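Note sheet for the following structure.
None of the figures in this text is laboratory data; all of them are computed from the coordinates on show. Keep in mind that what you see is a predicted model, and the values were worked out from it rather than measured. All Cβ positions, even for glycine, are placed from backbone atoms using ideal geometry, and neighbour counts span all protein chains on display.
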Amino acid sequence: LLSSAPGLVALHWGPHAESPTTLTYVARWSSDESRQAFFHTRSPSWHSSFSEHLSSLVVLESSASPQDAVPALEAPCTEIFVSYGAENDFLEKRLQPFVQAVTGANPPGLVGAYAGEFVAVRQFGVPPPKPKIAVMLLGWNSREDHDAQKQEGKVIANNIHLIRSGRESASGFHVNFTKRV
């Protein structure tokens, strides 16, 4: 049912490398109107068809962004960093400067990057995530390319201080997405 939703451009999905029983799905839409119509429908059919075999689910909706998430989503390995309970200026003062530092250094293996704000629109089996939610996607050729940039003197190690505060909690994981059109 999800893959046949009007206006769906692509569905990216895959297990977390760190926890293979946890899946992440990312839906890309042709327009804000299509996305809004899907997320805010009162019909339970999409929810039940999508979640009938899941123990928990959190659906996040992104705010409009001029950035293109496609290169990061279509990279062989996507690092996803989610900040919960972020300060009001976390995206502008912390997450975007971090992403700009990483992309500006053009490290080997970096394919693409995205940062944006999200809102929880549905969930079950878990408490609602604490707003404000900011998400970063870094697309890499491999997890090893990402790990190399965390070493002392490398771009992630040199800038990680930007995103270590200004939020209540965070989660980070890697996904090798499969794309369905």
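The separation of the stretch 15-43 from the stretch 96-140, counted between C-alpha centres, amounts to 15 Å.
Within a straight-line Cα-Cα reach of under 16 Å, Lys132 can be paired with the following lysines, leaving aside sequence neighbours fewer than 8 residues apart in one chain: Lys93.
For the pair Arg180 and Gln123 in one chain, pulling the backbone fully straight at 0.36 nm per residue adds 18.2 nm over the alpha carbon distance.
Of the GluC sites (Glu not before Pro) found in the stretch 77-181, the ones in coil according to DSSP and having at most 16 other Cβ atoms within 10 Å of their Cβ are Glu87, Glu152, Glu168. The Cα trace of the stretch 2-180 gives Rg and Dmax of 16.3, 52 Å, the first to one decimal, the second as a whole number. Averaging the sequence gap over all C-alpha pairs within less than 8 Å and six or more residues apart, then dividing by the number of residues, gives the chain a relative contact order of 33 percent.
In the chain, the longest principal axis of the Cα atoms and the axis of helix 96-105 are about 60 degrees apart.
Each label was represented as a point 7 Å from its Cα along the Cα-to-Cβ direction; for Ser31 and Lys150 these points are 4.2 nm apart.
A Förster radius of 22 Å, combined with the Cβ-Cβ distance separating Ser171 from Gln100, puts the computed FRET efficiency at roughly 0.50. Ranking of Thr103, Thr78, Thr178 by neighbouring Cβ atoms within 10 Å, starting from the fewest: Thr178, Thr103, Thr78.
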